[in-house]
Amino acid sequence: MQTLTISKPDDFHLHLRDGAAMANIINYSAAQFSRAIVMPNLNPPITTVDMAMSYYNRILNSVNKKYNFEPLMTLYLTDNTRPSEIDIVVQTEPIKALKYYPVGTTTNSDYGVTDIKKVYLVLESMMKNQLPLLIHGEVSDTDVNVFDREKVFIEKVLSPLVDDFCELKIVFEHISTKAAVDFVLNANSNIAATITPQHILLNRDDLFNESFQPHNYCLPVLKEEHDRLAVLGAATSGNPKFFLGTDSAPHGRTKKESGCGCAGIFSAYNALGDYAEIFEKQNKLDKLEPFTSFHGADFYGLKRNDEKITLTKKEKKIPEELPFDNDKLVPFRAGGNCAWQAKR
Ligand code: NCD
Ligand code: ZN
């Protein structure tokens, strides 16, 4: 049986939710990842250091202690975030970044930034303190075709932002298009990107196989095959600008299979297995560890993990559903098989 032992990875984009839902899912991540950048889009969102630290403590109370899992916290940037909050953030070890959701782009983004110019003073302070800005890179303008929202965001918002703040560390989250790959490749070394398993494995046809597939619906929405190939190429290239971020975003089955289905794919269940399968198919297993375990830590200025994890080429059956609060959760690739899995 083929095995591969690598430094334990980190997940640089993860939604853990809260309360009973968090308790149901957190150990899937903790088993595979040493650390995770935890997204702040709770309702209400995590907008202050105090809120982030009490969420941090709830996470530590929820996770199985045997894993030594370390949550890396983020604040949700709003029009009202004060530059003085950044002074407290930089003195608060567990908080590593701020997340910028353009208003109206995704789950719980109603409190998001209405115009990036409104937070320029905050960004200046972040730049000075080398605090990364994590970006949901889509416009919410309904005049823009949903498949073009990332590309238009690059043109209208991201390019001017990078011009104004060339020293600001930016993570372009869950990139989904060739346009995003090209933008990151051509940008300076302060710009990096996370890549999810779903944006490597699926294209927009996978939303409509035979019938509508709500469990493949996430934001940014899946794109065309040439976009998928560009994202796959970036992930497996060995370029340190690209690193692992699952964007695992659980929603209960009833919320996904409804007249108004929520965006989000729960990919944490066997995420490392998914990435290993992808890299092996490309004959790039040698590039897996840098992508999963080095590039992100290096970009964030974190120490690489000492702990190791062993991956096994052994078929893993993905369950049809998992417990999730008072609902059920349908994991990514439910009912299917993945060729690889992490030793639990
Ligand atoms: C995320 C969620 O559900 O919190 N959904 C998603 O489709 N990715 C929010 C986000 O990261 O956009
Ligand atoms: Zn997300």
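The values are calculated or read from the model by the stated rules, or taken from the named source; none is laboratory data. Keep in mind that what you see is a predicted model, and the values were worked out from it rather than measured. Note that we place each Cβ from the backbone using ideal geometry, even for glycine, and neighbour counts take in every protein chain shown. Just so you know, the surface numbers come from the protein's heavy atoms only, side chains and all, with ligands and any DNA or RNA stripped out. Shrake-Rupley method; radii C 1.70, N 1.55, O 1.52, S 1.80 Å.
Entry note, the chain: relative contact order of 19 percent, from Cα contacts under 8 Å with a spacing of 6+ residues. Taking every protein chain into account, the 1.4 Å probe leaves LYS317 with about 130 Å² of accessible area, to the nearest ten. For region 187-302, the carbon plus sulfur part of the accessible surface works out to 49%, probe radius 1.4 Å. Panel values: the chain, Kirkwood radius from alpha carbon pairs, Stokes-Einstein at 4 °C and 1.567 mPa s, translational diffusion coefficient 65 µm²/s. Taking the Cα of ASN64, stepping 7 Å toward and past its beta carbon, and measuring to each backbone N in region 1-26: which are under 15 Å? In region 1-26, the label zone of ASN64 (backbone N under 15 Å from the point 7 Å along Cα→Cβ) covers 23-26.
3J(HN,Hα) couplings calculated from phi for region 78-94 with the Karplus curve 6.51 cos²θ - 1.76 cosθ + 1.60 (θ = phi - 60°) are, in sequence order, 10, 4, 9, 4, 8, x, 5, 5, 5, 4, 6, 4, 5, 9, 10, 3, x Hz; Gly and Pro show x.
Pairs exceeding a 27 Å alpha-carbon distance, out of LYS281/LYS316; LYS66/LYS223; LYS128/LYS308; LYS118/LYS256: LYS66/LYS223; LYS128/LYS308; LYS118/LYS256.
Using the Karplus relation 6.51 cos²θ - 1.76 cosθ + 1.60 with θ = phi - 60°, the per-residue 3J(HN,Hα) values for region 127-142 come to 4, 4, 9, 6, 9, x, 9, 9, 10, 7, x, 9, 7, 9, 4, 6 Hz, with x marking Gly and Pro. Once backbone amide H atoms are built at 1.01 Å from N, LEU16 has MET39 as its partners under 5 Å, excluding neighbours fewer than 5 places away on the same chain. In sequence order, region 10-17 has phi-based couplings of 10, 9, 8, 6, 9, 9, 9, 6 Hz under the Karplus curve 6.51 cos²θ - 1.76 cosθ + 1.60, θ = phi - 60°, and Gly or Pro positions carry x.
Counted by Cβ distance under 12 Å from VAL152, the other residues give a net charge of -3, where Lys and Arg count +1 and Asp and Glu count -1.
Per residue, the solvent-accessible area of region 121-272 (1.4 Å probe, heavy atoms of protein chains only, all protein chains present) comes to 38 Å².
Residues whose amide H falls under 5 Å from that of ASN270, counting only those 5 or more places apart or on a different chain, are absent, with hydrogens built in the peptide plane. Separation of region 99-148 and region 249-269, taken as the distance between their Cα centroids, equals 23 angstrom. Per-residue extension of 0.36 nm, minus the Cα-Cα distance of LYS156 and ARG82, leaves a gain of 24.2 nm for this segment. In region 33-137, the portion of solvent-accessible area held by carbon and sulfur atoms comes to 47 percent [1.4 Å probe, whole percent, DNA, RNA and ligands not counted]. Across the options GLY273, PHE324, GLY259, the greatest Cα extent toward the positive end of the charge dipole of region 259-344 (unit charges at beta carbon of Lys, Arg, Asp, Glu) belongs to GLY273.
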